[in-house]
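Contents: one structure, followed by commentary.
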Amino acid sequence: MNFKNDIISGTTCPYCGCKSKYVDSSVIYGKSYGMVYMCEPCDAFVGVHHKTSKKALGRLANRELREWKKKAHAHFDQLWKRGLKKGRKKHEVRNSAYKWLANELGIKVEHSHIGMFDVELCRRTIEACKPYCV
């Protein structure tokens with residue numbers, strides 16, 4: 001996985017290499033949910049943090065990658081949400097789970113977020129989490 005800053009910051013399309021456009025999400029959804037980075041020819045986009053002006057939630061994702069990210073989140077979220085039943089705070093449990101995932105995937109903790117993953121890391125995330133899912 002290539003964690004180049006311009007890719008994981010959403011400013012460059014990982015598919016065609018062009019600079020992404022910073023546009024309102026209404027271009028995609030027909031209704032505004034905030035701003036996104038978008039590469040129209042590749043049908044790739046990523047949202048931005050609501051409390052920051054332009055910080056992307058990860059890398060641009062095309063239709064295939066968006067589907068893999070949903071699947072990866074479905075597995076990973078089951079895993080970390082189990083820790084909430086033990087009375088721990090959400091951010092502590094989730095951060096701890098991402099540290100575990102980084103170790104399982106052999107990547108740096110700062111790159112261990114599904115929003116930054118490509119299809120292969122999503123697949124590996126699913127496989128790593130499967131033993132802990134019901």
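The values are calculated or read from the model by the stated rules, or taken from the named source; none is laboratory data. In this text the structure is predicted, and so the values were computed from the model without any measurement. Cβ atoms come from the backbone with ideal geometry, glycine included; neighbour counts cover every protein chain shown.
Here are a few things to note about the model shown:
- For the range 8-36, the tally of residues that are closer than 14 Å to Leu65 by Cβ, crowded, with 20+ Cβ neighbours inside 10 Å and not hydrophobic (A, V, I, L, M, F, W, C) stands at 2.
- Looking across the range 58-86, the residues that are free of Cβ contacts under 8 Å to residues at least 40 places away in the same chain and more than 19 Å from Tyr132 (Cβ to Cβ) come down to Ala61, Arg63, Arg66, Glu67.
- Just one of the listed residues (Arg123, Arg82) is surrounded by fewer than 18 Cβ atoms within 10 Å (Cβ to Cβ), basic (Lys, Arg), at pLDDT 90 or above and assigned to a helix (DSSP H, G or I), and it is Arg123.
- Count of the range 11-57 residues which are at positive phi and in contact (Cβ under 8 Å) with a residue 12 or more places away in the chain: 2
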